[in-house]
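*Asks:* Would you mind keeping the following structure in view while I ask a few things?
The values are calculated or read from the model by the stated rules, or taken from the named source; none is laboratory data. All values derive from a computational prediction rather than experimental measurement. Using ideal geometry, Cβ is built from the backbone for each residue, glycine included, and neighbour counts are taken over all protein chains shown. Heads up: the accessible areas ignore ligands, DNA and RNA and are worked out on the full protein's heavy atoms, side chains in. Shrake-Rupley method; radii C 1.70, N 1.55, O 1.52, S 1.80 Å.
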Amino acid sequence: MTKNQSLRGRTALITGSTSGIGLALADVLAEAGADIMLNGLGEADAIEQSREGIAKKHGVNVHYHNADMTRPDEITDLVTNANNTFGRLDIAVCNAGIQHVSPIENFAVSKWDDILAINLSSAFHIMRAAVPIMKAQGSGRIVNMASAHALVASPFKAAYVASKHGLAGLTKTVALEVAEHGITCNAICPGYVRTPLVEAQIAPTAKARGLSKEKVISDVLLAAQPTKAFVEYSHIAGLLLYLVSDAGASVNGAMLPIDGGWTAQ
Ligand code: NAD
């Protein structure tokens, strides 16, 4: 099979790409030939290993920027830095996200603030800075990593569900504003993917609901997912590659579930 190099010469910025879905998507975009700006938290050595690994494996330029997604000034600098480094910005994937599971009456106010900042406001700041660059280019692709929780709710996830529903509204609004400029703005809405973010909520959910961890996986996490299977990174990557391709040009302002049928119910 011929290697897909359709993104050769394009550049992609992915927030929260030091782990989980973001790291997997960075790897796939690099495989398709894009130069990559990584971002996210983590150990410097591990991040450098990822950066060098992706660059060597796919023969593309990979840089890393440590912008904290709670800091608007740093987020703006990330976008400016990506554009200055590569000379253009073709793809922005707003993927950074965190979760906190708690009944609302005990929900820590600081967790609410952090989740709204990282899951929702950071996408606003990325797009606010990236849209003028993409408009000047006359092209661009923005993909926001929402969630099935952008479409439906679950108990004990007040901030997460609110942030992802907010991200859906933000995505649709920006889509309308950029539609005549060769830019699209869409959201991918995955069901459960077994990433560190999901691993971290198994124990607190078990505590909140008084269940064993095994029961949380089978009866809570995958209860709503009719396939009874976690969504794989490759399933999300396939949709991302479509959205950023020329064939994806007419998909705009869409909330695209990859959830095994969860939100069909
Ligand atoms: P993850 O914990 O593996 O990765 C999250 C990434 O965000 C990491 O790179 C982390 O460093 C980064 N991040 C967190 N706080 C940050 C901050 N303040 N500044 C900069 N970066 C920060 O999680 P994941 O499961 O891969 O989640 C990625 C996205 O996918 C999130 O937006 C999440 O809501 C969404 N999502 C995940 C699932 C799932 O089941 N895993 C389902 C639907 C949606």
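*Asks:* Would you mind stating whether V109 is among the β-branched types (V, I, T), farther than 26 Å from A30 by Cα and within 13 Å of the ligand (Cβ to nearest atom)?
*Replies:* It is false that V109 is among the β-branched types (V, I, T), farther than 26 Å from A30 by Cα and within 13 Å of the ligand (Cβ to nearest atom).
*Asks:* Are any residues in segment 68-84 open to solvent by 40 Å² or more (accessible area, probe 1.4 Å) and near the ligand (Cβ under 9 Å from one of its atoms), and if so, which ones?
*Replies:* Listed by number, the residues that qualify are D68, T70, R71, E74.
*Asks:* State which residue pairs qualify: first residue among the basic types (K, R) and inside segment 227-242, second residue within 12 Å of the ligand (Cβ to nearest atom) in any location, beta carbons under 8 Å apart, and separation of 6 or more residues or different chains.
*Replies:* That search, which allows pairs on different chains as well, returns K228/L222; K228/G260.
*Asks:* Which one of A249, A208, A229 is more than 16 Å from the ligand (Cβ to nearest atom), aliphatic (A, V, I, L, M) and more than 30 Å from G140 (Cβ to Cβ)?
*Replies:* Sole residue among the options that is more than 16 Å from the ligand (Cβ to nearest atom), aliphatic (A, V, I, L, M) and more than 30 Å from G140 (Cβ to Cβ): A208.
*Asks:* Name, by its number, the condition in (1) out of contact with any His (no Cβ under 7 Å at 6 or more places or on another chain); (2) more than 30 Å from T205 (Cβ to Cβ) that does not hold for W112.
*Replies:* (2)
*Asks:* Follow-up. State yes or no: is R128 open to solvent by 40 Å² or more (accessible area, probe 1.4 Å) and either within 23 Å of R71 (Cα to Cα) or not in a helix (DSSP H, G or I) (or both)?
*Replies:* Numbers: open to solvent by 40 Å² or more (accessible area, probe 1.4 Å): yes; either within 23 Å of R71 (Cα to Cα) or not in a helix (DSSP H, G or I) (or both): yes.
Against the criterion (open to solvent by 40 Å² or more (accessible area, probe 1.4 Å) and either within 23 Å of R71 (Cα to Cα) or not in a helix (DSSP H, G or I) (or both)), R128 qualifies.
*Asks:* Hey, among G9, G16, which residue is in a loop (DSSP other than H, G, I, E, B), at pLDDT 95 or above and open to solvent by 40 Å² or more (accessible area, probe 1.4 Å)?
*Replies:* Matching residue, one of G9, G16: G9.
*Asks:* State yes or no: is E214 without any contact (Cβ under 8 Å) to a residue 24 or more places away in the chain, assigned to a helix (DSSP H, G or I), surrounded by fewer than 16 Cβ atoms within 10 Å (Cβ to Cβ) and not hydrophobic (A, V, I, L, M, F, W, C)?
*Replies:* When the stated conditions are applied, E214 passes them.
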